[in-house]
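> I'd like to ask some things about the structure below.
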2 protein chains.
Amino acid sequence: LKENEIDAFREEFLDMHPYDQGQFFEELDEDLRFALYEMLSPEEMANIFEQVEVPEEDYQDLLSEMHPMFAADMLAEMSTDDAVDVLNELDKEQVASYLTIMDEEAADEIKELLHYEEYTAGSIMTTEFIAIKANQTVRSAMQILRREAPGAETIYYTFVVDEQKHLVGVISLRDLIVADEETMISDVMSERVVAVSVAEDQEEVARIMRDYNFLALPVVDFQQHLLGIITVDDVIDVMDEEASDDYSKLAGISDVDDTAGNSPFGAAKKRLPWLIILLFLGMMTASLIGRFEDTLNQVAILAIFIPLIGGMAGNTGTQALAVAVRGIATGEIQEEGKLKLLVREALTGVITGGSCGIAVTLVVYVWQGDFILGALVGISVFATLIVATLTGAFIPLFMHRLKIDPAVASGPFITTINDLISILIYFGLATTFMGYLK
Amino acid sequence: LKENEIDAFREEFLDMHPYDQGQFFEELDEDLRFALYEMLSPEEMANIFEQVEVPEEDYQDLLSEMHPMFAADMLAEMSTDDAVDVLNELDKEQVASYLTIMDEEAADEIKELLHYEEYTAGSIMTTEFIAIKANQTVRSAMQILRREAPGAETIYYTFVVDEQKHLVGVISLRDLIVADEETMISDVMSERVVAVSVAEDQEEVARIMRDYNFLALPVVDFQQHLLGIITVDDVIDVMDEEASDDYSKLAGISDVDDTAGNSPFGAAKKRLPWLIILLFLGMMTASLIGRFEDTLNQVAILAIFIPLIGGMAGNTGTQALAVAVRGIATGEIQEEGKLKLLVREALTGVITGGSCGIAVTLVVYVWQGDFILGALVGISVFATLIVATLTGAFIPLFMHRLKIDPAVASGPFITTINDLISILIYFGLATTFMGYLK
């Protein structure tokens, strides 16, 4: 590219929305990426890099392509929370070396955030917020906002602190611009400010912002010092992540979203662990059926209903699981509501089991002309559905009590457990009442 | 309650955040709700009602409790988009009667929004936005914002229109407050404004707002007239809804979120349709196994591996389904990428099928001491996993092509289809090679 072409490209490129710049960057091959690093300042590159979403292991490669000083400057120019997200994907030594050559102030801010555990409010907050004092006028607060606006994550909610940096109030820009300029902030701010602790679970943060329709939420330590803010765009990403996580686990796959762009080997790597676990659970089911080989040898027709009973058990268990996992995630199911849910699920199992049991009995009777066989399959369906529904609800509730993420009790796991249970019930009943079968 | 107690309660109640008022209201019994209607103005009640989330059928009951005039005034005072959401739950005649007694201007705005189809940008937008002209100064725009702020859904993004109400630009309040007051809007606004068509799918709207981190998005007709705006809080609700919808369908249940608070009958009603469908699919599987009764009578041991093979087929299909559904939902899989995905899934099936097939062969050989039986089960697992993975990916892609929501191809449906396929492959192979079994 000639000098003037570079200028023209630069101008057009920088005029695009950062998200589009990021998408464009992701499409480039190595040579063109190098050209871009030459062309842009660390600050311009920082805007792009904030939008780049590549598989975790690729961040390291991208940064290594850049001159170390350029990379460090770029990280310093990024929003602190975004820079921390990138650094979290790198080796410890690499992080240390970037922080050493980086501008000290930026490095300190980043170090502070690197401390916080993943999935907490601290890990998604930014320290680039504007705080004002209660004893200043609206006019002086607006001056601060105008001055700080370029570097701040948001200026639409401004948090008010006292001399010791305790959070004491909040005021929206909406209220600021309609207030008289000479009013004191303390007279127009709201003292009923909702804040979260720095150690709060990010899912709870998302819930609060969704319910209260906040655009920004302050994060405090246990002494109510204002540490940072979380903005709505970060919460949207959290919600996306959590939803996709629950969804992935229901499908028995370690990460659904990452997979779409993967190679077959990458995809297989994410799915095989579950398939192998299921294989061994399936072997257990097989060995269980093996114990009823005598029954099976005498009444081979019993085998044809194995998939029917197992399938219904698996499905009703997954339904109950999904309701329990979502109920816990949305906070609808609290500690005290757990017993109520189990009772509800048991009754639901009786209703669905009863309906399906009667239907199965009739269909099998008409089809095979053997009422006893029909009743046997029907009663098995009835009993299986009650037990499977309860199991599906109980396991996630129990895991929640043990402080394990209930979504780990994935769909295929519940399905296979219920497969086992259904076989036990079906062949147990069949062996007992075999004498009555035709 | 005495007069002064009412005043004290009123003051404290109205000082709460509207979301908390809504939560409080939902907990009240009928008598107390009546007391509240007496105590509050339609406008105060509107703020609460915007936050109320009850099962769809309950909105009608709540409104009928109020004096019709009070209900109509309250609906008129609500944000237009929230009022429309409530009215969408009522009978047509009820809607008409409220609109007749309502303030005419409010009724007109609501009527306009009632036209738009559910799940489109039009159905979630609000008409309470502020539009300014390109040829006014920043000062006069700020005056408009200050005046209109109380009634507007957001003032943080202001959209710029020409004389014919065509959308021509956008300016954030952030840029407005730092701009010189005498500047013309046309000089500071951004002309690269992203807008969506009124008929756009709400999922696409959510995607744009998430990717570009917008707080508000303008909605236009096909001639670029500005019709309304969509704010980030509404998009969060849409994302929640869509995620929970995909999740529900993967679990085979019509609505996971609604169920948690339901009676056993309500819960059973939401789950039975799927269970009944599965029951009949299960009968088909049973009748398919029935066709291989001869094989089964001769080699009863074959039956013990039915759940193993069916379970693995079901699970790998669900994994592929989940990847395809999410890929379509996030826009990662476009029309041209479909063939690529199918090839990728086929290869993934070969890898997972190969690994699991070899493992199964060895385990069954060691366990049963019959290499042919091991190989038979192993080859069945291999073939089944390839076909099931392809089926799981193909069905949602095919539905997407037919413009059907791919999430309708729910987990249990794919599982059962793959059950059927696995039986066919397993018993087909077994019947063919039966002579070689011990």
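Yes or no, residue by residue, for (1) over 30 Å from B:K338 (Cα atoms); (2) without any contact (Cβ under 8 Å) to a residue 12 or more places away in the chain:
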residue	(1), (2)
A:Q202	yes, no
A:A206	yes, no
A:M209	yes, no
A:L217	yes, no
A:F222	yes, no
A:V235	yes, no
A:S244	no, no
A:S248	no, yes
A:F292	yes, no
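> Looking at the stretch A:145-187 only, could you name the residues that are surrounded by fewer than 18 Cβ atoms within 10 Å (Cβ to Cβ), in a helix (DSSP H, G or I) and away from chain B (no Cβ under 11 Å)?
Across the stretch A:145-187, the qualifying residues are A:G151, A:S186, A:D187.
> Now, a different point. Which residues, counting only those in the stretch A:269-294, are crowded, with 21+ Cβ neighbours inside 10 Å and acidic (D, E)?
none
> Which residue pairs have Cβ atoms closer than 8 Å, lie 6 or more positions apart in sequence or on different chains, and pair a first residue in the stretch A:164-176 that is among the hydroxyl-bearing types (S, T, Y) with a second residue that is in a strand (DSSP E or B) and surrounded by 19 or more Cβ atoms within 10 Å (Cβ to Cβ)?
A:S172/A:Y157; A:S172/A:T158
> Please state which one of A:G311, A:G331 is part of a helix (DSSP H, G or I), in contact with a helix residue (DSSP H, G or I) (Cβ under 7 Å, 6 or more places away or on another chain) and not hydroxyl-bearing (S, T, Y).
A:G311
> Against the conditions (1) closer than 30 Å to A:V238 by Cβ; (2) without any contact (Cβ under 8 Å) to a residue 12 or more places away in the chain, where does B:D187 fall short? Just the number, please.
Here B:D187 meets the rest and fails (1).
> Would you point out which residue out of A:F214, A:F222, A:F265 is closer than 29 Å to B:P396 by Cβ and either more than 9 Å from every other protein chain (Cβ to nearest Cβ) or over 12 Å from the mean Cα position of the chain (by Cα) (or both)?
Working: A:F214 fails: closer than 29 Å to B:P396 by Cβ; A:F222 fails: closer than 29 Å to B:P396 by Cβ.
After applying the criteria, what remains is A:F265.
> Name the residues in the stretch A:351-363 that are farther than 12 Å from A:V381 by Cα and more than 7 Å from every other protein chain (Cβ to nearest Cβ), would you?
Matches in the stretch A:351-363: A:L362 only.
> Still on this structure, please answer the following. Yes or no: the stretch B:131-138 includes at least one residue that is assigned to a helix (DSSP H, G or I) and not charged (D, E, K, R).
yes
> Please list, ordered by residue number, the helices (runs of 4 or more DSSP H) wholly in the stretch A:1-87 having 3 or more residues that are away from chain B (no Cβ under 14 Å).
A:3-14, A:30-39, A:42-49, A:58-65, A:68-77, A:80-87
> Restricting attention to the stretch A:340-363, does a residue exist that is part of a helix (DSSP H, G or I), closer than 30 Å to A:D240 by Cα, assigned by TED's automatic domain parsing to the domain that holds A:R401 and of a type in the set (A, V, I, L, M)?
The answer is yes; a qualifying residue exists.
> Another question about this same structure. Answer with yes or no whether A:A383 is surrounded by fewer than 23 Cβ atoms within 10 Å (Cβ to Cβ), under 28 Å from A:L279 (Cβ atoms) and either among the hydrophobic types (A, V, I, L, M, F, W, C) or within 10 Å of chain B (Cβ to nearest Cβ) (or both).
yes
> Here is a follow-up. Residue check: is B:A303 within 8 Å of chain A (Cβ to nearest Cβ) and in contact (Cβ under 8 Å) with a residue 40 or more places away in the chain?
Here the answer is no, as B:A303 does not meet what is asked.
> Look through the stretch A:112-153, keep the residues that are without any contact (Cβ under 8 Å) to a residue 24 or more places away in the chain and under 25 Å from the mean Cα position of the chain (by Cα), and return whichever of them is farthest from A:M239 (Cα to Cα).
Looking only at the stretch A:112-153, we keep the residues that are without any contact (Cβ under 8 Å) to a residue 24 or more places away in the chain, and these are A:112, A:115, A:140, A:143-144, A:146-151.
Add one more test, that the residue is under 25 Å from the mean Cα position of the chain (by Cα), and what stays is A:112, A:115.
On the way: A:E112: 24, A:H115: 23 Å.
Selected residue: A:E112.
> Got a number for residues in the stretch B:376-430 being small (G, A, S), at pLDDT 85 or above and over 17 Å from A:G311 (Cβ atoms)?
6
> Could I ask something else about it? Give A:N315, A:N297 a once-over and let me know the one that is surrounded by fewer than 17 Cβ atoms within 10 Å (Cβ to Cβ) and either within 7 Å of chain B (Cβ to nearest Cβ) or among the hydroxyl-bearing types (S, T, Y) (or both).
Result of the check over A:N315, A:N297: A:N297.
The values are calculated or read from the model by the stated rules, or taken from the named source; none is laboratory data. This one's a predicted model, so the numbers in the text were calculated from it and none came from an experiment. Note that we place each Cβ from the backbone using ideal geometry, even for glycine, and neighbour counts take in every protein chain shown.
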